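> Supplied in structure tokens, the structure appears directly below.
The values are calculated or read from the model by the stated rules, or taken from the named source; none is laboratory data. Being a predicted model, the structure only gives us computed values, none of them experimental. Counting neighbours? That spans all protein chains shown, and the Cβs are built from the backbone with ideal geometry, glycine included. Ligands, DNA and RNA are stripped out before the accessible areas are found, and what is left, the full protein with its side chains, is counted by its heavy atoms. Shrake-Rupley method; radii C 1.70, N 1.55, O 1.52, S 1.80 Å.
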Amino acid sequence: MKLYGMHGAFKTAVETGKTDHYSIDQFVSMITDAEWDERHNRRIERIIKNAKFHYKSSIESIIFDQSRNLERNLILRLGECEFVEKNENILITGSTGVGKSYLATALGYQACIQGYKVSYFNTSKLFSKLKMAKADGSYLKELAKIEKQDVILLDDFGLQALDSQNRITLLEIIEDRHNKGSIIVTSQIPVQGWYDIIGEKTIADAVLDRLIHQAHRIELHGESMRKKKSINKE
């Protein structure tokens with residue numbers, strides 16, 4: 001039955017001689033709780049693995065500095081993941097190296113810990129993958145996988161203008177998630193510049209209306225965190 005938690009708790013209790021400290025009811029309750037904890041932890045580990053984050057980050061390790069325009073209370077509130085319950089989006093913008101991806105990933109990890117299904121994507125690689133999926137007939141299957149996620153993270157959006165195919169793909173992803181799931185987007189381009197990145201007025205209007213409506217917008221300031229670390233080392 002794969003009762004690893006119960007087995008571990010029972011073995012520990014026997015080896016430490018603590019079995020006499022429990023009544024039968026208490027002992028059953030203890031090993032049942034251990035099994036629940038084990039299964040819960042395995043589920044969270046599986047959700048994090050499936051998210052395919054590029055690296056690990058956490059809310060606790062974020063540097064809250066006024067010069068970064070990063071409000072502690074807002075981030076802690078977002079870390080409670082109510083935005084997922086409300087199907088709200090988070091749009092994080094700022095120059096290269098200011099910590100956009102780190103912040104987005106930290107929020108993604110937090111959603112995983114709370115049991116939500118999350119997927120991380122580099123935006124350019126996602127579009128390339130979906131172009132290939134259109135060629136081999138698996139496009140709708142890939143879109144369905146994305147739609148099933150509670151949160152998707154689109155990292156480095158807008159590095160280059162979208163062509164007609166990627167424009168339609170973005171619209172379909174946004175349409176599938178509208179009022180049904182959350183999106184976290186990071187971009188070097190300010191939100192007001194996304195219209196030009198998407199192109200084609202009708203599609204840009206449709207995408208941005210759904211993406212920006214009820215979105216939390218975070219514009220990070222300051223110099224590159226990598227540059228800061230390099231200076232500190234010197």
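> Answer yes or no: is there a residue in the range 165-177 that is open to solvent by less than 30 Å² (accessible area, probe 1.4 Å), in a loop (DSSP other than H, G, I, E, B) and not charged (D, E, K, R).
So the first thing to find is which residues in the range 165-177 are open to solvent by less than 30 Å² (accessible area, probe 1.4 Å), and the list is 166, 169-170, 173-174, 177.
Now restrict to residues that are in a loop (DSSP other than H, G, I, E, B): none.
No, the conditions are met nowhere in the range 165-177.
> List the residue pairs whose Cβ atoms are under 8 Å apart, where the first residue sits in the range 202-216 and is under 12 Å from Asn87 (Cβ atoms), the second is acidic (Asp, Glu), and the two are 6 or more positions apart or on different chains.
Arg210/Glu175; Gln214/Glu88; Ala215/Glu88
> Of everything in the range 52-97 that's aromatic (Phe, Trp, Tyr) and open to solvent by less than 70 Å² (accessible area, probe 1.4 Å), which residue is nearest to Leu208 (Cα to Cα)? Please lay out each step first, then the result.
First pass over the range 52-97, keeping only residues aromatic (Phe, Trp, Tyr): 53, 55, 64, 83.
Then keep just the ones that are open to solvent by less than 70 Å² (accessible area, probe 1.4 Å); that gives 53, 64, 83.
Numbers: Phe53: 25, Phe64: 29, Phe83: 18 Å.
So the residue we want is Phe83.
> Could you check, for the range 97-113, whether at least one of its residues is in contact with a helix residue (DSSP H, G or I) (Cβ under 9 Å, 6 or more places away or on another chain), hydroxyl-bearing (Ser, Thr, Tyr) and closer than 26 Å to Ala204 by Cβ?
Taking every residue of the range 97-113 in turn, none turns out to be in contact with a helix residue (DSSP H, G or I) (Cβ under 9 Å, 6 or more places away or on another chain), hydroxyl-bearing (Ser, Thr, Tyr) and closer than 26 Å to Ala204 by Cβ.
> Could you say which residue among Leu154, Leu130 is over 27 Å from Leu78 (Cβ atoms), of a type outside the set (Gly, Ala, Ser), open to solvent by less than 10 Å² (accessible area, probe 1.4 Å) and touching a Ser or Thr at 6+ places or on another chain (Cβ under 6 Å)? Even if it seems obvious, please write down each step before you answer.
On the way: Leu154 fails: over 27 Å from Leu78 (Cβ atoms).
Result of the check over Leu154, Leu130: Leu130.
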